[in-house]
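For reference, the structure is listed below as structure tokens.
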Amino acid sequence: MKLRPPFMVTLVCAVMLVVGCTEGPQPDPKVAVELEEGPIEVTVNDTYAFTATVLGGETKEVSWFVDEILGGNDTVGTITQSNPAVYTAPSAVPPSDTVVVQAISVEDETKGDACQVVITE
């Protein structure tokens, strides 16, 4: 069977449409996340409220991490998944007295900002 040019154009367009649809949404290159300057000093068991400012994009939601742990833990401190987020320092100074709090864009996980937190007695 011989393929005719209009059929080939339709086939090529259909393939391009399917390929384009499977890639999913692309991150917005204009998204940026900003936190306050650090380092912040917090005593053991004390709290500190962080506010992330999300510029651009569709959503202003962020995920919060402490030392690259979503929500933190008992050793490095914990942080709520809200904005503003409340960081609670651990009950003892961690092995390194400094931890890093990060806010990462939910819309574009390649965009975020970080702030150092020094834990003191």
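Among residues of the stretch 30-44 that are under 24 Å from SER96 (Cα atoms), those with a beta-carbon under 6 Å from a residue that is small (Gly, Ala, Ser) and surrounded by fewer than 16 Cβ atoms within 10 Å (Cβ to Cβ) at least six positions away or on a different chain give the pairs VAL44/SER91. Selection of the stretch 57-78 for residues being farther than 21 Å from GLU121 by Cβ, at pLDDT 95 or above and not acidic (Asp, Glu) yields VAL62, SER63, TRP64, PHE65, ILE69, LEU70, GLY71. Can you name the residue in the stretch 53-101 that is closer than 19 Å to LYS30 by Cα and of a type in the set (S, T, N, Q) and is also surrounded by the most Cβ atoms within 10 Å (Cβ to Cβ) among such residues? The extreme case among them is SER63.
The values are calculated or read from the model by the stated rules, or taken from the named source; none is laboratory data. Not measured: the values here are computed from a predicted model. Neighbour counts are summed over all protein chains in view; Cβ atoms, including those assigned to glycine, are modelled from backbone coordinates with ideal geometry.
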